[in-house]
Amino acid sequence: MSFTYILQTLLDGLLMGGIYGLVAIGLTLIFGVMKVINFAHGALMMLGMYATYWAFALLHIDPYVSIVITIPILFLVGVCFQKFLINPIIDAPEHNQLLLTLGVSLFLENIVVFLWSPDYRVVKTPYEFVYFYIGDVSISLLRLLAFCLAMLVAAVVYLVLTKTDLGKAIRASSEEPSGALLVGINVRRIYWTTFGIGAACAGVSGTAVAPFFPVYPTVGGIFVITAFMVVVLGGMGSVIGAFIGGLIVGMADSVGGLFFPGAMKNLLSFVIFILILLFRPTGLFGGSK
Amino acid sequence: MANTKKKRGNRGISRRDFIKGTAAVGVAAAVGSIGFPNVLRGAAPPEIQIGNILPLSGPLAYLGNQLKNGAVMAVNEINKAGGIRSLGGAKLKLLDADSEGKADLSISGVERLDRAGAVAIMGCLQSAVTIVATQVAEKYRVPFVVSVAVADKITERGFKYTFRLQPRAAQMAPQTVKFISDIARQAGEKVKTIAYIHDNTAFGGSLSGLVVETAPKYGMEVVARVPYSPRSADVTTEVRKIKAAGADIVMASGYFSDGVRVFRAMKGLRVRPKAFVGCGNGAYSDQNFVKELGDMTEYVMDGNYQANPNSPLAQKMFDHYQALYGQKIPPSAVFAYEPVYVIADALERAKSTDREVLRNALARTNLKKHVLPQGPIVFDATGQNKNAQIALTQVLGGKIRVVWPEQYAEAKLVFPMPS
Amino acid sequence: MREHQPQESCLGRGLSWQKWLIIGLIVAALHFLPWTFPPQYVHIMIMIFLFTIMGQGWNILGGYAGQFSFGHSLFFGLGAYTSTLMFVHWGLSPWIGMVFSCFIGIMMGLFVGYLSFRFGLSGPFFALIMLAFAEVFHMISISWKAVGAALGLLIPLKGTSIALMQFVDKKPFYFITLWMMIGALYLVWRMEKTRMGLYFLAVREDNDAAEALGVNTLKYKMVAMTLSAGLTSIGGTIYAQYLLYIDPDITFGVMNSIEILIRPIIGGPGTVLGPLLGSLVLTPLAEFTRLAFQSYGGVYLMIYGAILVGVIMFLPDGIMGLAKRVFYKMRKEVG
């Protein structure tokens, strides 16, 4: 196993990890603020992928450009989801919320099967076979773009959270909802806004991977489990933790692929996940934002 | 002629005679309608139902529906030509059962078809599904003619009701390896190493295992054998291992969409062997593979079941499919088409829709009129088509052409791939 | 005017003789069903019974002890693979294999349970760690040649044989699953009234308070896990023998975990009849929509999702909760 091979593997993992990070950011926001574990997060990402695919197939819009469509659509979906489905049961036991989001996930995945068939769809961009080479190490343009997009969105979310009033309101609502109410923050509004942002993040990750991942109804399933692992690893509620956690899980998957064949390559990530759950459930950057 | 007429009185036929006569005719009709169903029931003879278990939805729906098209076309041709003559022109009717690509659904599929009175069942495209479905068919004693499924296990269980038309893995894999060796020799090229990427189901697993075993007999060695999960969307890790192996030949086995994905990844990562050779690859022999990926597919070869391009009967089939579905019939559909004819031929000889009789007729099949690149279709004791033969195709000028063995070739092959 | 009837869930009170009679009549009627209904209905009943058994297993841990597992397919799969491997390799009768299945399932349950509960995992974290373990075994079973890898395991056809738990006809499986289900229901019904059952409820309602009051919550969670895992594993063996085929997806798949837990949730978590009611609604629904929408494989899942959302939002106590409310309302009116 040559040095280039290992380097290549780590690089692949890093690039993919950025995507995991972006998916996880959405999830961690939602959990951090509302303490809701959104099982439907993968389905939201899938919707983003389909939105990108249809924009591409019907309107011939380049996938990266279509985030201007994906973001508002997914934001809206997130808002509706929170307002009509989650809000009514916000005080119910946690596992009920988990089950609700599971139900939504089942529903979304399968209504897509019904509407658009389970066939794998492909978004074919003209630049899909562009690779950069550093020596013998190749970097796919598409994956690099996806990574950059993920970093960009993550940075934007982070800045919003730390530098804007909205961000402060979000953080206040998550740390101390009653206190936030007292200070005049419309916590209800913050809840659905945050959910919208989380959903939009999922949607953007969908757009980012659509050019090189096949689009099909249950594609979200792979990502949601990974996203949970990332969120737990990074620490529920920490945006930085989610991104870094994503990078770690991405590389663990890649490295795992070196040693374990086929379906087992995620074994390493799962083991890490289980260990974190047991020994450090607050994650690497747990608690804070 | 002896005078059998009764002596008539002046009143012609007596009432008693009339009643007796009518009664006789009535009894004859009753007996006849039991013993000669088609002659005396009048109107249309009953339809003969043939079950067809395929993945009509789910990730393999594309291939599944192609197989369905092939079968539908065959049924229509047979019916138009008069149906099953020995059964009074009875028409064939196809009963679909969607396996959705899942083995457990094929179980209920077989049971449903059995209840509906299917005389035989065809299917299932996937080895994993077929292995299960044939066992259920064996349990209920329904003849099962495997259209497409390559795993050897299917005909290795001592089943009496399972028949398979397509070449099995133990025919396909060694034949492909031999062909590679042959064409290398003919081109004066040294081929020593093979890197094999395959799906991790019974399909890819059985083929690759056999290639690993057979390669040394021809002085070659499989230096990398990389399985991937057909459901995993990202195959970069696996393809990197293939690239790292740097072998002379890259072989690949998989279904259509994963075959396409893997090939794209290989091209993207600049895997550059002397040739890409599929083994039973669901993508490489399909014109849509070329359509989706364009120029990069040029020179890709596939050792797979095929129709015989030099057979006039096959030519008719090509024309018919093209007219009906607007594309060249993919080999998988050929192997959904031919089994219908095999069953029809067996029905003709069986002169009965009884499953036992049909089963025995199938076992004695010796069909010379067919579209395949082989001798007569004869099933051995395990139910396998003895003379099954694969052919090597190559994408040349954007068209998939049979290039080997030379007796069935329609174009000259190019080896090694020009860089 | 009828004299006051004791409520079913009161400690130490039994069912009235009228209720026993009704139950007896229903069970007797069920015995005639396989001869009066066509085989596809018998199949549906078998599936209902089987998933009730496994749902009841989940219910003990989730509904009663309040630990929601999203990975019960782990036990189902271990059960199915254990007995199947023992039969395929050593010719061991699946009846004995079932005992091993139960044992292995329980061992795994104790292992995961100890890890989780000792480290204080609860709620969604527990759900996720169960999911993670199920997924790990899913991956192993796909990749490991010795257990058939992705191809799974085919149980060799041996015709009808009681010793080998194989039957060409469906009726024997009908009765096996029927009586196992009755056993499982009875088990939980009795468990409800025991001290152990009450402790489960205490853990569910408020783990810390229970701990403070001296209840060994770790111990009782482990006991619940044991019963839960054992019951589900047995279901795995029966399913394997019925289908004569298992593969990683139908055993360890996430969908299977969902199928197992959704029935008690919809039927009524923490109730005896919950898993049965859930099965009665969902199983026929799945089978019929699958037939009706042949090429749209996912329709029944869509309906599952919608029902789940609806139940969580409007009927968090499931069908049993609704039934109880209606029942009490009626009794109030009667007097």
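Things to note:
- Here residue C:145 does not qualify as among the basic types (Lys, Arg), more than 9 Å from every other protein chain (Cβ to nearest Cβ) and surrounded by fewer than 20 Cβ atoms within 10 Å (Cβ to Cβ).
- Count of residues meeting criterion [within 18 Å of residue A:12 (Cα to Cα), surrounded by 22 or more Cβ atoms within 10 Å (Cβ to Cβ), of a type outside the set (Lys, Arg) and facing chain A (nearest Cβ under 8 Å)] in the stretch B:237-270: 2
- Only a single item in (1) crowded, with 24+ Cβ neighbours inside 10 Å; (2) within 12 Å of chain B (Cβ to nearest Cβ) is not met by residue A:243, and it is number (2).
- Taking the criterion of being outside any helix (DSSP H, G or I) and farther than 25 Å from residue B:207 by Cα, the residues of the stretch B:126-143 that qualify are B:141, B:142, B:143.
- Test: residue in the stretch B:360-380 that is part of a helix (DSSP H, G or I), farther than 22 Å from residue B:174 by Cα and polar (S, T, N, Q): yes
- The number of residues in the stretch A:177-229 being under 23 Å from residue C:255 (Cα atoms) and aliphatic (A, V, I, L, M) comes to 8.
- Qualifying position, being of a type in the set (Ser, Thr, Tyr), away from chain C (no Cβ under 14 Å), out of contact with any strand residue (DSSP E or B) (no Cβ under 6 Å at 6 or more places or on another chain) and more than 14 Å from residue A:206 (Cβ to Cβ), among A:9, A:4, A:28, A:52: A:9
- Residue satisfying all of: in the stretch B:108-130; β-branched (Val, Ile, Thr) and crowded, with 24+ Cβ neighbours inside 10 Å; modelled with the lowest pLDDT among these: B:129
- The one condition in (1) under 22 Å from the mean Cα position of the chain (by Cα); (2) at pLDDT 85 or above; (3) more than 8 Å from chain C (Cβ to nearest Cβ) that residue A:163 fails to fulfil: (1)
- Subset of the stretch B:131-182 that is over 20 Å from residue B:339 (Cα atoms) and surrounded by 23 or more Cβ atoms within 10 Å (Cβ to Cβ) - its residue that is farthest from the other protein chains (Cβ to nearest Cβ): B:180
- Exactly one residue out of C:174, C:114 is in a helix (DSSP H, G or I) and either over 21 Å from the mean Cα position of the chain (by Cα) or surrounded by fewer than 15 Cβ atoms within 10 Å (Cβ to Cβ) (or both): that is C:114.
- Residue match in the stretch A:249-267 (condition: within 17 Å of the chain's Cα centre (by Cα), within 20 Å of residue B:197 (Cα to Cα), within 14 Å of chain B (Cβ to nearest Cβ) and at pLDDT 85 or above): yes
- Candidate set from the stretch B:395-409 (those that are touching an Asp or Glu at 6+ places or on another chain (Cβ under 8 Å) and assigned to a strand (DSSP E or B)); member that is farthest from residue B:287 (Cα to Cα): B:404
- Residue match in the stretch B:348-370 (condition: surrounded by fewer than 23 Cβ atoms within 10 Å (Cβ to Cβ), among the β-branched types (Val, Ile, Thr) and touching a residue at least 12 places away in the same chain (Cβ under 8 Å)): yes
- Only one of the numbered conditions (1) crowded, with 24+ Cβ neighbours inside 10 Å; (2) more than 14 Å from the chain's Cα centre (by Cα); (3) among the β-branched types (Val, Ile, Thr) is not met by residue A:4, and that is (1).
- With respect to (1) outside the structural domain of residue B:342 (by TED's automatic domain parsing); (2) of a type in the set (A, V, I, L, M, F, W, C); (3) under 30 Å from residue B:130 (Cβ atoms), the lone exception for residue B:187 is condition (3).
- Tally of residues being facing another protein chain (nearest Cβ under 7 Å) and modelled with pLDDT of 85 or more across the stretch A:84-104: 10
- The conditions of being within 13 Å of chain A (Cβ to nearest Cβ), within 18 Å of the chain's Cα centre (by Cα) and modelled with pLDDT under 90 are not met by residue C:292.
- Filter result (of a type in the set (Gly, Ala, Ser) and part of a strand (DSSP E or B)) within the stretch B:212-252: B:224, B:252
- Residue within the stretch B:299-318 that is modelled with pLDDT of 90 or more, under 30 Å from residue A:4 (Cβ atoms) and buried (at least 23 other Cβ atoms within 10 Å of the Cβ) present: yes
- Any hit, the stretch C:190-209, residues being touching a residue at least 24 places away in the same chain (Cβ under 8 Å), under 30 Å from residue C:249 (Cβ atoms) and either part of a helix (DSSP H, G or I) or within 14 Å of another protein chain (Cβ to nearest Cβ) (or both): no
Residue-wise test of (1) in a strand (DSSP E or B); (2) within 19 Å of the chain's Cα centre (by Cα); (3) within 30 Å of residue C:143 (Cα to Cα).
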| site | (1), (2), (3) |
| --- | --- |
| C:227 | no, yes, yes |
| C:241 | no, yes, yes |
| C:249 | no, yes, yes |
| C:257 | no, yes, yes |
| C:263 | no, yes, no |
| C:281 | no, yes, no |
| C:287 | no, yes, no |
| C:310 | no, no, no |
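- Qualifying residue in the stretch B:268-279 (condition: farther than 17 Å from residue B:177 by Cα, of a type outside the set (Lys, Arg), in a helix (DSSP H, G or I) and not assigned by TED's automatic domain parsing to the domain that holds residue B:60): yes
- Among the residues of the stretch C:61-111, those identified as part of a helix (DSSP H, G or I), crowded, with 24+ Cβ neighbours inside 10 Å and of a type in the set (Phe, Trp, Tyr) are C:64, C:75, C:76, C:81, C:87.
- Total residues in the stretch C:265-274 satisfying the condition of being in a helix (DSSP H, G or I) and within 20 Å of residue C:131 (Cβ to Cβ): the figure is 2.
- Any hit, the stretch B:331-346, residues being of a type in the set (S, T, N, Q) and part of a loop (DSSP other than H, G, I, E, B): no
- Residues within the stretch C:181-205 that are over 21 Å from the mean Cα position of the chain (by Cα) and loosely packed, with under 14 Cβ neighbours inside 10 Å, tallied: 2
- All positions within the stretch C:108-137 that are facing another protein chain (nearest Cβ under 8 Å) and in contact (Cβ under 8 Å) with a residue 60 or more places away in the chain: C:131, C:132, C:133, C:135
- Hey, residue A:237 at positive phi and either outside any helix (DSSP H, G or I) or within 15 Å of the chain's Cα centre (by Cα) (or both) or not: yes
The values are calculated or read from the model by the stated rules, or taken from the named source; none is laboratory data. Predicted model, so just to flag it, every value in this text is computed and none were measured. Cβ: placed from backbone, ideal geometry, glycine included. Neighbour counts: every protein chain shown.
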